[in-house]
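To start, the structure under review is shown below, and the notes come after it.
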Amino acid sequence: MAAPRPYWKGTLKLSLVSCPVALYPASTSVEKTRFHMINRETGNRLKQQMVDAETGDVVEGEQKGRGYELRKGEYVEIERDELDAVAIESSHAIDIDSFVPRDEIDKRYLNHPYYIRPDGKAGADAFAVIRDAMKDQDRVALARIVLTNREHIIAIEPLGKGLLGTTLRFPYELRDEEDYFDDIKSPKITKDMVELAGHILDSKAAHFDPSKFKDEYETALKALVRRKASGKPIKAVEREEKPSNVVSLIDALKQSLKGRGAARKSRSTARRQTSHRRPAKKAHRSTARSRKAS
């Protein structure tokens, strides 16, 4: 298998220590099922055209430009060379500015993940020193990097033998949670309700295991495409009617807990029955052996 092509190459810098590194996207959407727009009559793929919103005329390549909307329907045109004039020059360096405790990074700021590895043997020692120092102190490096003509803040942390770099959103890209949470009511919740809910949480306690994540819709899409391609009929699935909202929250919590308890009791009963059968089988074999011996 050919080595993946790096997305970016440059130098990782920590004060006077530096090493050549390469970045690779850590996520992909290649495996997702995608559809194209087609002509139902011919089966041919459709291609989009840019059309003037007012005249309806098709706009050719040389007529296309970029414009920023100042107010409704009024644009200021920005030329390509004007954009180039303000573009940040890529230094092809990841300059580490600071190291912060891992738990201080607000997860809302996390954007795109990248794998970072040494680029060649020359900087392997420096790379290992930076990686292991962060691992020992449980710190995350905050650095600056230029990707596609834009400067990004990137959080870098140890991951196995390499590093994981995650670009961070800027504050202006986040919406204020108060705009969404401010009008949430604060009803009086009894201690019994919280304790019952706590029992349900305990009964569902687990460890983070992404291998158990199943994309049911993606699986269904692939099955649909296979059936359709092989000429098999597609049956519409009848949707079950969902029960109406439960009036009593305390009853719902008790019912949930009861259901979990019944399932647990059923499993333990099955285990006991299995364990009772095994000695009987063993005893039967022992009796048979003693008969044979006599």
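Coordinate-derived values only; no laboratory data. Remember, predicted model here, so these are calculated numbers, not experimental data. Cβ atoms come from the backbone with ideal geometry, glycine included; neighbour counts cover every protein chain shown.
Figures for the structure shown
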read-out: Partner lysines for K64 [C-alpha distance under 30 Å; skip if fewer than 8 residues away on the same chain]; value: K47, K72
read-out: Residues in segment 4-37 reached by a label modelled at A229 [backbone nitrogen below 13 Å; 7 Å Cα→Cβ]; value: 33-35
read-out: For segment 2-89, the spread of Cα positions along each principal axis, largest first, Å; value: 60, 40, 23
read-out: Protection proxy ranking of 93-101, 156-164 - average other beta-carbon atoms within 10 Å, highest first; value: 156-164, 93-101
read-out: 5 angstrom amide H check on A26, placed H, neighbours 5+ away; value: Y114, Y115
read-out: Rg(Cα) / (2.2 N^0.38 Å) computed for segment 173-235, rounded to two decimals; value: 2.06
read-out: Compactness index (Cα Rg / 2.2 N^0.38 Å), segment 1-150; value: 1.53
read-out: 22 Å Cα-Cα threshold exceeded, pairs from K204/K258; K107/K135; K214/K258; value: K214/K258
read-out: Cβ-based exposure ranking for R40, R227, in which fewest neighbours within 10 Å come first; value: R40, R227
read-out: Shape box of segment 99-171 [Cα atoms, principal axes, largest first, Å]; value: 36, 30, 16
read-out: Residues with amide H under 5 Å from that of L12, placed H, sequence gap 5 or more; value: C19, V21, I94
read-out: Cα Rg over Rh - segment 133-187, Kirkwood; value: 1.20
read-out: From phi via Karplus (6.51, -1.76, 1.60), per-residue ³J(HN,Hα) for segment 223-233 in Hz, x at Gly/Pro; value: 5, 4, 4, 4, 5, 5, 5, 8, x, 7, x
